[in-house]
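Q: Below is one structure. I have some questions about it.
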Amino acid sequence: MRRLLSFLALAGIALCEPRVAAATPPITTGTLPHGGTYFIAADPASPTAAVDVWFRAPDDGYATSTPGLARVAATAAAAAKLASGRSLAEMVTRNGGRLTIEVFPDIIGVTIAVPASDARMMLASLTAAYFAPSIDQEALQEALSDATVLAVQQQYEPGALAHAVLFERLFASGPAHQPPIPLAAGDVSHVTLDEVTAFARRAFRSGNAFVTLAGAVSPQDLSAITDGGGSSGPDAPVRSAPSEQAGQPLAQSGAIPGFALGWIGPPVADERAATALDFVSDYLFRPGSGTVARALAHEDAHLEVGGQFITLNDPGVMMVSVSGSDDPALTARVLAAVSAMDQPLSAPAFAAAREAFLYHLSDDTQTAEEEAANLGWYAAEGAPSYAPGGPEYERVARSLDPAYVASVVRRYLGTPSVVRISPEVSPKGVSS
């Protein structure tokens, strides 16, 4: 589930999977004249508009592995000057909007939230910046500086740091084996302008794009898109090979202690199994109401607990993260709570938990920005109709029962991969 969790957020840039959506307006979809696919969730009553573009692309590039390449390229495109003389980032700021760039192992998303009156103009600028990128050395330097800051900041976010290291352990090869923001700040300094421009031409072409609009938007806004070309469709979903390793924890140095557990889960095509793990995450780890999150917060207000099933094309990933302690006893306690879910809940307990889960689906996302991001995420992952908030997701969620959820836990949530963040340990790769 695309869930915006604080333990995966770095200031100004979301590194994590966005929240599930409330019931979305009817979705209009089709093919753009210049290539690409669009999805529109129009809500005339919304005070704001969200315009997104999402691409399928490996975070470390195509021909050779270049850590941080997608992050740098996506930021450089937003920093490059457009025909107006201003960059996309400058135009968003000038009009009181918000620009968010999200880079994951397999997809890239660019989200702009603006006042309703600016939707059409921002859509034109967004697609110009990415469908016809004109990245120069100045834009590259801005992007390199941004990536370097994020790499340093990542060391102070135990959830984000553990997420990056955990994916390296969960995947033996492919882009998911490389964190979108390198662990070492110096790694991005080697990215060249030639590498960035070549990546941008391939990844950001209009045919590889999923344009999503939500809030105060209309199909007529699509005529603002004048850049792009070619009839080729989107790239196939980006795949990474799961690792066979699990069990022995990895120790990683970091400024703040914490730990994370991870399991390889079902692909997005297995909607019922994916939704079952969404339910488990909500039941155990939702801040404020999850059984584990609530208990730990009561005992120690300094602990930050998060859990989510990250819905990816194939395979997905179940993650649990705790910031504020790397105590092995706490790790065992969290794992015991997950393991206990391999036995069915009682019928009354499950019915109450499922209703709470469905309520959370409708409560978590209220903005056009999050609706557009949800549509973009699930479209890029290959299942746009399954985006939470729509009728398909609710239908699948209501089909869950205690025995089936327990069977999914038994199938996927056995021995986890573990990353422990400790201020005093040696760098990544040293066993604890």
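The values are calculated or read from the model by the stated rules, or taken from the named source; none is laboratory data. The shown structure was predicted, so the numbers you read here are calculated from the model rather than taken from an experiment. No Cβ is skipped: glycine too gets one built from the backbone with ideal geometry, and neighbour counts run over all protein chains shown. Note: accessible area is taken over every heavy atom of the protein model, side chains too, but ligands, DNA and RNA are not part of it. Shrake-Rupley method; radii C 1.70, N 1.55, O 1.52, S 1.80 Å.
Q: From the list R239, R205, R272, which one is at pLDDT 95 or above and either in contact with a Leu (Cβ under 8 Å, 6 or more places away or on another chain) or more than 25 Å from T28 (Cβ to Cβ) (or both)?
A: Details: R239 fails: at pLDDT 95 or above; R205 fails: either in contact with a Leu (Cβ under 8 Å, 6 or more places away or on another chain) or more than 25 Å from T28 (Cβ to Cβ) (or both).
When all the criteria are applied, what remains is R272.
Q: Would you tally the residues in segment 355-389 being among the small types (G, A, S) and in contact with a Ser or Thr (Cβ under 9 Å, 6 or more places away or on another chain)?
A: Kept after step one, since they are among the small types (G, A, S), are these residues of segment 355-389: 356, 362, 368, 372-373, 376, 379-380, 382-383, 385, 387, 389.
Filter once more, keeping what is in contact with a Ser or Thr (Cβ under 9 Å, 6 or more places away or on another chain): 356, 368, 372-373, 376, 379, 383, 387, 389.
Number of matching residues: 9.
Q: When residues of segment 279-325 are filtered for being hydrophobic (A, V, I, L, M, F, W, C) and closer than 24 Å to Y386 by Cα, how many remain? Break it down into steps so the answer makes sense when it comes.
A: Taking segment 279-325 first, the residues hydrophobic (A, V, I, L, M, F, W, C) are 279-280, 284-285, 292-293, 295-297, 301, 303, 305, 309-310, 312, 317-320, 322.
Checking the rest, the ones that are also closer than 24 Å to Y386 by Cα come to 279-280, 284-285, 309-310, 312, 317-320.
Going through segment 279-325 one residue at a time, the tally reaches 11.
Q: Within segment 367-393, how many residues turn out to be open to solvent by 40 Å² or more (accessible area, probe 1.4 Å) and either in contact (Cβ under 8 Å) with a residue 40 or more places away in the chain or within 17 Å of the chain's Cα centre (by Cα) (or both)?
A: Within segment 367-393, the first condition is being open to solvent by 40 Å² or more (accessible area, probe 1.4 Å), and the residues that meet it are 367, 370, 382, 384-385, 391-392.
Filter once more, so that each one left must be either in contact (Cβ under 8 Å) with a residue 40 or more places away in the chain or within 17 Å of the chain's Cα centre (by Cα) (or both): 367, 370, 382, 384, 392.
Here the count works out to 5.
Q: Just a yes or no: is a residue in segment 226-233 β-branched (V, I, T), open to solvent by 30 Å² or more (accessible area, probe 1.4 Å) and either closer than 14 Å to P33 by Cα or within 22 Å of the chain's Cα centre (by Cα) (or both)? Show your work before the answer.
A: Of segment 226-233, the ones β-branched (V, I, T) are 226.
Still in the running and open to solvent by 30 Å² or more (accessible area, probe 1.4 Å): 226.
Now drop any that are not either closer than 14 Å to P33 by Cα or within 22 Å of the chain's Cα centre (by Cα) (or both), which leaves 226.
Yes, segment 226-233 has at least one match.
Q: Is there a residue in segment 173-181 that is open to solvent by less than 30 Å² (accessible area, probe 1.4 Å) and either acidic (D, E) or over 29 Å from A372 (Cα atoms) (or both)?
A: Taking segment 173-181 as the starting set, the residues that turn out to be open to solvent by less than 30 Å² (accessible area, probe 1.4 Å) are 175-176, 179-181.
Adding the requirement that they be either acidic (D, E) or over 29 Å from A372 (Cα atoms) (or both) leaves none.
Taking every residue of segment 173-181 in turn, none turns out to be open to solvent by less than 30 Å² (accessible area, probe 1.4 Å) and either acidic (D, E) or over 29 Å from A372 (Cα atoms) (or both).
Q: Yes or no: segment 18-40 includes at least one residue that is at pLDDT below 95, surrounded by 23 or more Cβ atoms within 10 Å (Cβ to Cβ) and under 22 Å from V152 (Cα atoms).
A: no
Q: Still on this structure, I have one more. With respect to A352, determine if the residue is open to solvent by 40 Å² or more (accessible area, probe 1.4 Å), over 16 Å from L277 (Cα atoms), part of a helix (DSSP H, G or I) and not acidic (D, E). So that I can check it myself, show each step before the final result.
A: On the way: open to solvent by 40 Å² or more (accessible area, probe 1.4 Å): yes; over 16 Å from L277 (Cα atoms): yes; part of a helix (DSSP H, G or I): yes; not acidic (D, E): yes.
Considered against the rule, which asks whether it is open to solvent by 40 Å² or more (accessible area, probe 1.4 Å), over 16 Å from L277 (Cα atoms), part of a helix (DSSP H, G or I) and not acidic (D, E), A352 comes out as yes.
Q: Continuing with the same structure: I need every pair where a residue in segment 21-42 that is closer than 21 Å to A128 by Cβ has its Cβ under 7 Å from the Cβ of a residue that is modelled with pLDDT under 95 and open to solvent by less than 40 Å² (accessible area, probe 1.4 Å), sequence separation at least 6 or different chains.
A: Once the first residue is closer than 21 Å to A128 by Cβ and sits in segment 21-42, its partners that are modelled with pLDDT under 95 and open to solvent by less than 40 Å² (accessible area, probe 1.4 Å) give H34/G228; G35/G228; G36/G228; Y38/L32; F39/L375.
Q: Being part of a loop (DSSP other than H, G, I, E, B), touching a strand residue (DSSP E or B) at 6+ places or on another chain (Cβ under 6 Å) and over 14 Å from R71 (Cα atoms), is that true of even one residue in segment 134-150?
A: Applying the first criterion (part of a loop (DSSP other than H, G, I, E, B)) to segment 134-150 yields 134-136.
Those still in the list that are touching a strand residue (DSSP E or B) at 6+ places or on another chain (Cβ under 6 Å) too: none.
Looking through segment 134-150, none of the residues is part of a loop (DSSP other than H, G, I, E, B), touching a strand residue (DSSP E or B) at 6+ places or on another chain (Cβ under 6 Å) and over 14 Å from R71 (Cα atoms).
Q: Quick check: anything in segment 77-87 over 27 Å from G382 (Cβ atoms) and open to solvent by less than 10 Å² (accessible area, probe 1.4 Å)? Walk me through how you get there before you give the answer.
A: If we filter segment 77-87 for residues that are over 27 Å from G382 (Cβ atoms), which is where we start, we get 79-87.
Filter once more, keeping what is open to solvent by less than 10 Å² (accessible area, probe 1.4 Å): 80, 87.
Taking every residue of segment 77-87 in turn, at least one turns out to be over 27 Å from G382 (Cβ atoms) and open to solvent by less than 10 Å² (accessible area, probe 1.4 Å).
Q: Here's a follow-up. Within segment 35-54, does at least one residue satisfy the condition of being touching a Leu at 6+ places or on another chain (Cβ under 7 Å) and not aliphatic (A, V, I, L, M)?
A: yes
Q: Condition first: closer than 26 Å to S240 by Cβ and either more than 15 Å from the chain's Cα centre (by Cα) or open to solvent by 10 Å² or more (accessible area, probe 1.4 Å) (or both). Now tell me which residues in segment 285-319 satisfy that. Explain how you work it out, then say what you get.
A: Start the filter on segment 285-319 by keeping residues that are closer than 26 Å to S240 by Cβ, which leaves 285, 306-319.
Within segment 285-319, F285, L312, N313, D314, P315 qualify.
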